[in-house]
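Only one structure is covered here, and it is reproduced in the block below.
None of the figures in this text is laboratory data; all of them are computed from the coordinates on show. Not measured: the values here are computed from a predicted model. When we count neighbours, we look across all protein chains shown, and the Cβ atoms used for this are built from the backbone with ideal geometry, even at glycine.
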Amino acid sequence: MSPRRPSSLLAALALAVAAFAGACAGTPNAKGYMQETEALHQPFIAGDVAPAIGWSCGSLDCHGTVARNMRIFSQYGLRLGTTDTPGGMPITQSEIDADFRSVSSLEPEIMNQVVADGGAHPERLTLIRKARGTEHHKGGTIMVPGDHLDTCLTTWLAGAPNQAECDAASQPP
Amino acid sequence: MSRQILTTLAAAAAAFSFLSCGSPVHDDLVASLGPEPNGEHSGPLHRAGQPCLTCHSSLGPSHTEFAVAGTIYKSVDDMSPMVGVKVIFAPLDGTDSIAVQTNAVGNFYITKAKFPLAYPLHVSVAYDYVDSAGKPQEYVAQMASRIGRDGSCADCHADPAGQARFGHVYITAAAADFPK
């Protein structure tokens, strides 16, 4: 390997760090989340987004396991309460909040940007691409634009979740 | 870097990949299931209630790969094996469902080669019996949620039930539903 001047290396590093920091620009709130992403918390609760994600993504062999990322708690999957069991009582508020954290902490900066753009181009989010199967996803294609789950998630990212669609995406047969 | 070091590295890498070609995590999982519980021979009647695909997958140790497999018991409290139960798999994409029957210990399995369906799947269990009045009846229990990708019932259905487990698969909540 040919020796390099350390100063040029340092300069390149500094540039890279600056560029990276720029990508993270946003207003973290008191909890350390991006402000705009946190703005999706109430709609997440009010729109019944958690049960839809739980039903579609949270089975015990998929995201309802501690062995995989984007951990999802739900009525038919993993439970947060130590005495609750899958298939038992409906989803709890603590589970809904935990699910919101799981989903919104995946790519907070990009989610922030999608929210700022009123939900436009949600496919910028890995969450959407994986669920649509347009990016490699071990769980395959879970939704397609226009169906219940896709409408639920994309309207939620636009700030006004379609609760009826979310409910339809979380119904046992 | 000298060629000698590179050669040594390559040799080490080759040796390592050879040694680790069985996954230690998988080996531990298999080992955790222990020897044949009742000293039976390996085969369709063995290891009732265990997660069959832990061993019947591409990782071995069995050479026979299953797509789905498990054990069906009578009720919540009665662990008698259910013989002749139909286990029915229905995919969400609308293709035809397929069914398999449980054997003498309540076990069932479908090999990977004979399983055309894609996940996610609905599953139900159906039991035909003759009631005390001599009338043929069918009892069906349907799993409300769906299986995302795991063909081993026992990965989710193991006792005791807990935060991430439902308990064994049973055909009826009340065993008294069936004549003795």
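Cross-link pairs exceeding 27 Å between alpha carbons, from the set A:LYS138/B:LYS114; A:LYS138/B:LYS86; B:LYS86/B:LYS114; A:LYS138/B:LYS112: A:LYS138/B:LYS86. Over the range B:77-155, the pair-distance histogram of Cα-Cα distances with 5 Å bins from zero comes to 3, 13, 21, 26, 18, 10, 6, 3, 0 percent, rounded to whole numbers. The protection proxy used here, the mean number of other Cβ atoms lying within 10 Å of each residue, ranks peptides A:127-138, A:51-62 as follows, highest first: A:51-62, A:127-138. From the Kirkwood radius over Cα pairs of the range B:33-177, Stokes-Einstein at 25 °C and 0.890 mPa s returns a whole-number translational diffusion coefficient of 155 µm²/s. With equal scatterers on the alpha carbons only and no solvent term, can you work out the Debye log10 of I(q)/I(0) for the range B:40-119 at 0.14, 0.19, 0.27 1/Å? At q = 0.14, 0.19, 0.27 Å⁻¹ the computed log10 ratios are -0.49, -0.86, -1.30. Amide H contacts under 5 Å for B:TYR73: B:MET82, B:VAL169, B:TYR170, B:ILE171, restricted to partners 5 or more places along the chain or on a different chain, H placed in the peptide plane at 1.01 Å from N. Computed packing ranks the peptides B:39-52, B:61-74 as B:61-74, B:39-52, most packed first, by mean other Cβ atoms within 10 Å.
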